[in-house]
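I have placed the structure first, in the form of structure tokens, so that the comments after it can refer back to it.
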Amino acid sequence: MVACDRRRQPCASKKGGSETGPSPVDRGRKGSKHHLLVDATGIPLAFTLTGGNRHDVTQLIPLLDRVPAVGGLAGRPRRRPDRVIGDRGYDYDKHRRLVRARGITPVIARRSTEHGSGLGSVRWVVERTFAHLHQFKRLLVRYERRAEMHEAMLALGCCLICFRRLPNPILQ
């Protein structure tokens, strides 16, 4: 860190910035990973940003805790989903217990079983949302050194995905 204008900013020679880590698939280059929690139609409910070397399951509980209240019918607003669907990377008994303690049913494929659990028929919704997010080049390639700036871009990308799903009153 270097003191500039009475503020502390990353040194100009430092590469990567905060919330980066060596990517296991890109020869150790530093990178970031986006974690998303989406509803059944692909609308982002919560997101986090971590280094490229962090395991996905470490962000499951923080994502569930970040889901905002959803208004609608009269009464207390809904704050959690009924079920969480995940692939084999989320198959840990500790996390299954933590998800159940929040009143959510975990639907997670087991690691030591054969493929064909049927979760791929719903997993594509998350992958499609990632594809929509990564159409924004600013999210596909991280240019910002500060994690707060990249998280702001990620939030803006999620807002644009939600906005594009709204019905257009001009065309109706």
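The values are calculated or read from the model by the stated rules, or taken from the named source; none is laboratory data. Please read all numbers here as calculations on a predicted model, not as lab measurements. Note that we place each Cβ from the backbone using ideal geometry, even for glycine, and neighbour counts take in every protein chain shown.
Note down all Cβ pairs under 9 Å where the first residue falls in region 124-136 and is under 14 Å from THR41 (Cβ atoms), the second is among the β-branched types (Val, Ile, Thr) and assigned to a helix (DSSP H, G or I), and they're at least six residues apart or on different chains.
So the pair list comes out as THR129/ILE161; HIS132/ILE161.
PRO22 passes all but one of (1) over 30 Å from ASP93 (Cβ atoms); (2) in contact with a Lys or Arg (Cβ under 8 Å, 6 or more places away or on another chain); (3) modelled with pLDDT under 70; which number fails?
All conditions pass for PRO22, except number (1).
Among the residues of region 137-168, which ones are at pLDDT below 90, surrounded by 14 or more Cβ atoms within 10 Å (Cβ to Cβ) and either of a type in the set (Gly, Ala, Ser) or not in a helix (DSSP H, G or I) (or both)?
ARG142, GLU144, ARG145, ALA147
Return the residues of region 26-69 that are farther than 20 Å from CYS158 by Cα and aliphatic (A, V, I, L, M); say none if nothing qualifies.
Across region 26-69, the qualifying residue is only VAL57.
Collect the residues in region 82-122 that are part of a helix (DSSP H, G or I), loosely packed, with under 15 Cβ neighbours inside 10 Å and not β-branched (Val, Ile, Thr), keeping them in residue-number order.
If the condition is that a residue be part of a helix (DSSP H, G or I), loosely packed, with under 15 Cβ neighbours inside 10 Å and not β-branched (Val, Ile, Thr), then ARG88, GLY89, ASP93, LYS94, ARG97, ARG100, ALA101, GLY120, SER121 are the ones that fit.
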